[in-house]
1. Using Cα pairs under 8 angstrom and six or more residues apart, how large is the relative contact order of the stretch 120-224, in percent?
2. Multiply the residue separation of residue 219 and residue 137 by 0.36 nm, subtract the distance between their alpha-carbon atoms, and state the gained length in nm to one decimal.
3. If I model the chain as equal point scatterers sitting on the Cα atoms and use the Debye formula, what is log10 I(q)/I(0) at q = 0.08, 0.09, 0.10, 0.18 Å⁻¹?
4. Subtracting the Cα-Cα distance from 0.36 nm times the residue separation, let me have the gained length for residue 90 to residue 147 in nm, one decimal.
5. Between residue 209 and residue 80, 0.36 nm times their residue separation minus their Cα-Cα distance comes to what?
6. For the chain, find the longest principal axis of its Cα atoms and tell me its angle to the long axis of helix 187-210, 0 to 90°, nearest 10.
7. Can you give the relative contact order of the chain as a percent, counting alpha carbon pairs under 8 Å and 6+ residues apart?
8. Can you tell me the FRET efficiency between residue 6 and residue 155 if r is taken as the Cβ-Cβ distance and R0 is 41 Å, rounded to the nearest 0.05?
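Just so it is clear, none of the values below were taken in a lab; they were calculated from the coordinates. Computed from a predicted model, the values in this text were never measured in an experiment. Every residue, glycine as well, gets a Cβ built from its backbone with ideal geometry; the counts of neighbours run over all protein chains shown.
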Ligand code: NI
């Protein structure tokens, strides 16, 4: 399996090299490394974890469109090239299908232990220091801005609100990122999420102080500590 993992890692790196939405190779690399740590702590099937972590975004709808997400042509191709075929391939595809924030919000997906591990690793990459950097890069690139004191977070963000994604970076922390701590599946994921959550809280406290933000922002933060 070592050779298969190495082949898939190479193929995914080449595939996502020029991807600029935050689902680039560096994201995959971080998720892969985090998934290895969580998977080992949880006693998961490590080949399955590593292959699914590497391939979880190559057919993502944000990168490839909705149709590709269903058929997973890239994941299938890279697995076949690495001689992961038949039932072994289907098991990897099943894990990939269960990963993703939209699916967690929809609440309809059943997951294996390996699905839990990769899902946790993927969500962990959205929080902490890396999460802060990704949020400003993504929202900045979309033209949603950094901070609008009047753009207060919406309390319940449904799947369709989430798809509209118009919030400035700081609002986005409240609508999504500060909630991810409560969406971890594994014990190892929960422990890591608590650390990364605290880093975001510290960042936002500092930001609100320096930006002389209206008091309501600090109150919202207190509520999500
Ligand atoms: Ni991802």
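1. Numbers: 96 pairs, mean separation 35.0, N = 105.
Taking the mean separation of contacting Cα pairs over the length of the stretch 120-224, I get 33 percent.
2. Numbers: separation 82, 0.36 × 82 = 29.52 nm, distance 2.58 nm.
Gain on stretching residue 219 to residue 137: 26.9 nm.
3. -0.30, -0.37, -0.46, -1.34
4. 16.2 nm
5. Working: separation 129, 0.36 × 129 = 46.44 nm, distance 5.31 nm.
Stretched out fully, the residue 209 to residue 80 stretch lengthens by 41.1 nm.
6. 30
7. Working: 258 pairs, mean separation 41.8, N = 225.
Once divided by the residue count of the chain, the mean separation gives 19 percent.
8. Numbers: r = 46 Å, r/R0 = 1.12.
So the FRET efficiency works out to roughly 0.35.
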